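Engineer: Mind having a look at this structure? Questions to follow.
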2 protein chains.
Amino acid sequence: MSDLHLLSPKGFVASGIYAGIKTRQTPDIGLLICRAATAATAAAAFTTNKVFAAPVKIGRKHIASGKLRGVVVNSGNANACTGKQGEKDALRMCDLAANVARCKPTEILPSSTGIIGHLLPMQKIERGIAEAGLYLGDSAEHAHLFGDAIMTTDTRRKTAATTFTIGKQTVTLAGVCKGAGMIGPRMATAAPHATLLAYLTTDALITAPVLKKLMQQATDESFNSVTIDDHTSTNDTAVLLASGVSGAKIAGAKAIASFAAAMKNVCQFLAYQIAADGEGATKVVTITVRQAKTTKHAQAMARAIANSPLVKCAMNGNDPNWGRIVSAAGLAGVPFDPDKATLTLQGTVVFKNGQPLPFDAVAVSDSLKAPEVKVDLTCRLGKSDATVWTCDLSKDYVTINADYHT
Amino acid sequence: MSDLHLLSPKGFVASGIYAGIKTRQTPDIGLLICRAATAATAAAAFTTNKVFAAPVKIGRKHIASGKLRGVVVNSGNANACTGKQGEKDALRMCDLAANVARCKPTEILPSSTGIIGHLLPMQKIERGIAEAGLYLGDSAEHAHLFGDAIMTTDTRRKTAATTFTIGKQTVTLAGVCKGAGMIGPRMATAAPHATLLAYLTTDALITAPVLKKLMQQATDESFNSVTIDDHTSTNDTAVLLASGVSGAKIAGAKAIASFAAAMKNVCQFLAYQIAADGEGATKVVTITVRQAKTTKHAQAMARAIANSPLVKCAMNGNDPNWGRIVSAAGLAGVPFDPDKATLTLQGTVVFKNGQPLPFDAVAVSDSLKAPEVKVDLTCRLGKSDATVWTCDLSKDYVTINADYHT
């Protein structure tokens, strides 16, 4: 995937510039615009938090047509809990981006991420969007600057891309996302969790209803399966723009399956990178619950394990304290029988059929000193599996979040 | 309340001795026995975790009769995830305590707290219970030693007691509890969450059905409303023994109301002490959600706020980052409308009707440097209120839980 980037799919340009919204002098306003003859087919998933930011409110309206010309985003300020003025400001961002893209404001999806409860600095936003319009391009550098413009406490850019073929035509699908804290997404295409922002591009030709369905499915299997702090944000947004420029039509079961698989790969790799860059994280913890009665049950148990501060601290300390894991599965409020369950930590079975198994605590602890720890819980109650990605809880997490002042 | 203790209600003796189960040389086996002519009327609430410890399984059976002669407890080992041998060991604890109390083993409720997944050191338990039997008494010192015997990562004993009158008779109600981590209780008298252990005594005369109902009510308003890490334990148990020795009969609406009020006071004060002694805690955070549609909604929002690591870290850093609080209420999955809501931090209104209010950030931050922080969210959707107690999230929390090794 290494040479591909957000602008590899044909028909897109982007930019990222510093407008002085963030304290750190890195890009904080980004534009992503479809330059195809017609607007892009688009689908988006938004936070399901009852407290949703002004750009989410506007974005929901603008996505309803299934068509978008572009996306405008700022970091450093979430434009959330900002009342009527916040809505006006989000609409104004669309106006300004529409000027650049030469389209209707309703064809622009706005996003914001940063501190909650502060009005946007509109002078900086106005100047910034105009400036971003001057630097649009389709190079890797342009993709990277857009990627930087969406970051807040992220320590690195998160990107993924893939290509596949439909008949004889090559389709490219790419994405970029941000998120390190306030990450416990539960996004829905119908209605809309962390601030997770994800932007996906493809040059495939696809209809809006199909894309919407695939968007929810891919979001559930990826972004909605990553949790840093389980704090569903006011601003979470994932959006995909399909330019159609490749001419490859996503219609028929086989093509749809290929597209869905590509989306799943790209979105899961992006989600994994969010877990890896979680605030203060030293490792990714991949929790797979197998053979639950239903997928929802498997997800609930995996999420309960991932969200336990006790489990996360044990991971930080490389402590094979598996009782915390089994008990977290038991508190999820779904069917679970420890007498039928097996728990494996980095390949070592530590608990089986309600009983502790003897294991070499030093060796297992050593095996936890890894960039990724795999926790596998088999329930033997059914046939449904689920995976959730999280990270450990470190002292640095507390430093970052006790000192990130309003 | 200061002179009263667990053994102030007439009819009880207790002891606490060190049997070598805990590393720290403080008492780790406790006995509490009713010495009245007949066994005590009793009610208990247990964890609702699907993974429940052997003593919880046995305790549920033994409480079914509504009668208990006593309680035996050890700290340092939870006897959870220990299979059939764990059940045998919990039953053996009852046998040994029954020998001391001269009653049937089914009249004893066993409890354990500590590490999960290790068999109890039965030689130490056997010797320890016999020794505890030799040191029974009803002095404040005896109550304190029992209180020490139930502690794990607690830094201090938690006690509460009150007296009230029924007609001309004085009733005493007292309690002791433990819990600092794995605290997210959801206990139920019918079925049963952290390890929270609470033991209550009274010399009132009350029937088992009335006591059971009052027990659930008091538990919901107190222990089930405290959360440190929202990790419902395998061992949570709250039990009340009523000796009847005062002769004061709890029958009729007025007496029941008096008894319920006393229970609520004692249990809430115990729960508050658990929040204050949360692992690594520097302060209590009291979250009250007002005017929600239903009590369940108010509880869900208060709990979502209390469980957000972002909110807890902000409290640790004295940061009036109220956006984290409002957004946590929004993610609880219950009706909430920020446009109708008011948020008050230590008496300062910071958010009202969907809009941020200007406030002196330095002054509000200073007001957060207090042993108790009050967060008040008014929803204006109904008439139901709920309060949840929690603590801040500090670096010490991570140290305690990353290094508490198996």
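The values are calculated or read from the model by the stated rules, or taken from the named source; none is laboratory data. From a predicted model like this one, the values you see are computed outputs, not experimental measurements. For neighbour counting, all protein chains shown are included, and Cβ atoms are generated from backbone atoms with ideal geometry for every residue, glycine included.
Engineer: Can you name every residue in the range A:32-58 that is over 18 Å from the mean Cα position of the chain (by Cα) and part of a strand (DSSP E or B)?
Structural biologist: A:33, A:34, A:40, A:41
Engineer: Check the range A:277-293 and report whether any residue there is in a helix (DSSP H, G or I) and within 27 Å of residue A:310 (Cβ to Cβ).
Structural biologist: no
Engineer: Let me ask something else about it. For the subset of the range B:112-122 comprising residues that are more than 8 Å from chain A (Cβ to nearest Cβ) and not in a loop (DSSP other than H, G, I, E, B), which member is modelled with the highest pLDDT?
Structural biologist: Filtering the range B:112-122 for residues that are more than 8 Å from chain A (Cβ to nearest Cβ) and not in a loop (DSSP other than H, G, I, E, B), the one modelled with the highest pLDDT comes out as B:122.
Engineer: If you take the residues in the range A:361-381 that are in contact with a Lys or Arg (Cβ under 6 Å, 6 or more places away or on another chain) and of a type outside the set (Val, Ile, Thr), which one is farthest from the other protein chains (Cβ to nearest Cβ)?
Structural biologist: Filtering first and then ranking leaves A:371.
Engineer: Output yes when any residue across the range B:273-290 is surrounded by 24 or more Cβ atoms within 10 Å (Cβ to Cβ), out of contact with any strand residue (DSSP E or B) (no Cβ under 6 Å at 6 or more places or on another chain), within 11 Å of chain A (Cβ to nearest Cβ) and not polar (S, T, N, Q), and no when none is.
Structural biologist: Yes, because at least one residue in the range B:273-290 is surrounded by 24 or more Cβ atoms within 10 Å (Cβ to Cβ), out of contact with any strand residue (DSSP E or B) (no Cβ under 6 Å at 6 or more places or on another chain), within 11 Å of chain A (Cβ to nearest Cβ) and not polar (S, T, N, Q).
Engineer: Next up: So, in the range A:97-122, how many residues would count as being closer than 23 Å to residue A:238 by Cβ and within 26 Å of the chain's Cα centre (by Cα)?
Structural biologist: 16
Engineer: Continuing with the same structure: Please specify each residue of the range A:33-51 satisfying the condition of being farther than 22 Å from residue A:175 by Cβ and in contact with a helix residue (DSSP H, G or I) (Cβ under 8 Å, 6 or more places away or on another chain).
Structural biologist: Of everything in the range A:33-51, those that are farther than 22 Å from residue A:175 by Cβ and in contact with a helix residue (DSSP H, G or I) (Cβ under 8 Å, 6 or more places away or on another chain) turn out to be A:49, A:50, A:51.
Engineer: Name the residue that is farthest from the other protein chains (Cβ to nearest Cβ), counting only residues in the range A:34-74 that are of a type in the set (Gly, Ala, Ser) and surrounded by fewer than 24 Cβ atoms within 10 Å (Cβ to Cβ).
Structural biologist: Filtering first and then ranking leaves A:37.
Engineer: Can I ask one more? Which residue out of A:376, A:277 is closer than 22 Å to residue A:158 by Cβ and acidic (Asp, Glu)?
Structural biologist: Testing whether each residue is closer than 22 Å to residue A:158 by Cβ and acidic (Asp, Glu) leaves just A:277.
Engineer: Under the condition of being under 12 Å from the mean Cα position of the chain (by Cα) and of a type in the set (S, T, N, Q), which residue from the range A:264-279 is nearest to residue A:403 (Cα to Cα)?
Structural biologist: This residue is A:273.
Engineer: Among the numbered conditions (1) in contact with a Gly (Cβ under 6 Å, 6 or more places away or on another chain); (2) away from chain B (no Cβ under 14 Å); (3) among the aliphatic types (A, V, I, L, M), tell me where residue A:98 comes up short.
Structural biologist: (1)
Listed here are the residues, each with its yes/no results for (1) within 19 Å of the chain's Cα centre (by Cα); (2) assigned to a helix (DSSP H, G or I); (3) within 28 Å of residue B:359 (Cα to Cα).
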position: A:60; (1), (2), (3): yes, yes, no
position: A:74; (1), (2), (3): yes, no, yes
position: A:124; (1), (2), (3): no, yes, yes
position: A:153; (1), (2), (3): yes, no, yes
position: A:160; (1), (2), (3): yes, no, no
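Engineer: For the range B:313-360, which residues satisfy the criterion of being in a helix (DSSP H, G or I), over 23 Å from residue B:278 (Cα atoms), facing chain A (nearest Cβ under 8 Å) and in contact with a Lys or Arg (Cβ under 7 Å, 6 or more places away or on another chain)?
Structural biologist: B:330
Engineer: Pairs needed: first member in the range B:356-380, in the same structural domain as residue B:297 (by TED's automatic domain parsing) and loosely packed, with under 12 Cβ neighbours inside 10 Å; second member anywhere, of a type outside the set (Phe, Trp, Tyr) and not in a strand (DSSP E or B); C-beta distance under 8 Å; at least 6 residues apart or different chains.
Structural biologist: B:369/B:318; B:371/B:276; B:371/B:283
Engineer: Filter the range A:76-85 down to the residues that are over 18 Å from the mean Cα position of the chain (by Cα), buried (at least 24 other Cβ atoms within 10 Å of the Cβ) and within 10 Å of another protein chain (Cβ to nearest Cβ) and list them by number.
Structural biologist: Listed by number, the residues that qualify are A:80, A:81, A:82.
Engineer: Let me spell it out: the conditions are (1) under 27 Å from residue B:85 (Cβ atoms); (2) buried (at least 24 other Cβ atoms within 10 Å of the Cβ), and residue B:131 meets all of them except one. Which number is the exception?
Structural biologist: (2)
Engineer: Shifting gears a bit: Among B:109, B:91, which is the only one that is in a helix (DSSP H, G or I) and away from every other protein chain (no Cβ under 14 Å)?
Structural biologist: B:91
Engineer: On to the next question. How about the range A:382-406: which of its residues are within 11 Å of chain B (Cβ to nearest Cβ) and farther than 23 Å from residue A:309 by Cβ?
Structural biologist: Across the range A:382-406, the qualifying residue is only A:406.
Engineer: State which residue pairs qualify: first residue closer than 30 Å to residue A:252 by Cβ and inside the range A:214-234, second residue surrounded by fewer than 24 Cβ atoms within 10 Å (Cβ to Cβ) and among the β-branched types (Val, Ile, Thr) in any location, beta carbons under 6 Å apart, and separation of 6 or more residues or different chains.
Structural biologist: The qualifying pairs are A:215/A:189; A:216/A:189.
Engineer: (1) in contact with a Gly (Cβ under 8 Å, 6 or more places away or on another chain); (2) away from every other protein chain (no Cβ under 14 Å): which one isn't true of residue A:181, the others all being true?
Structural biologist: (2)
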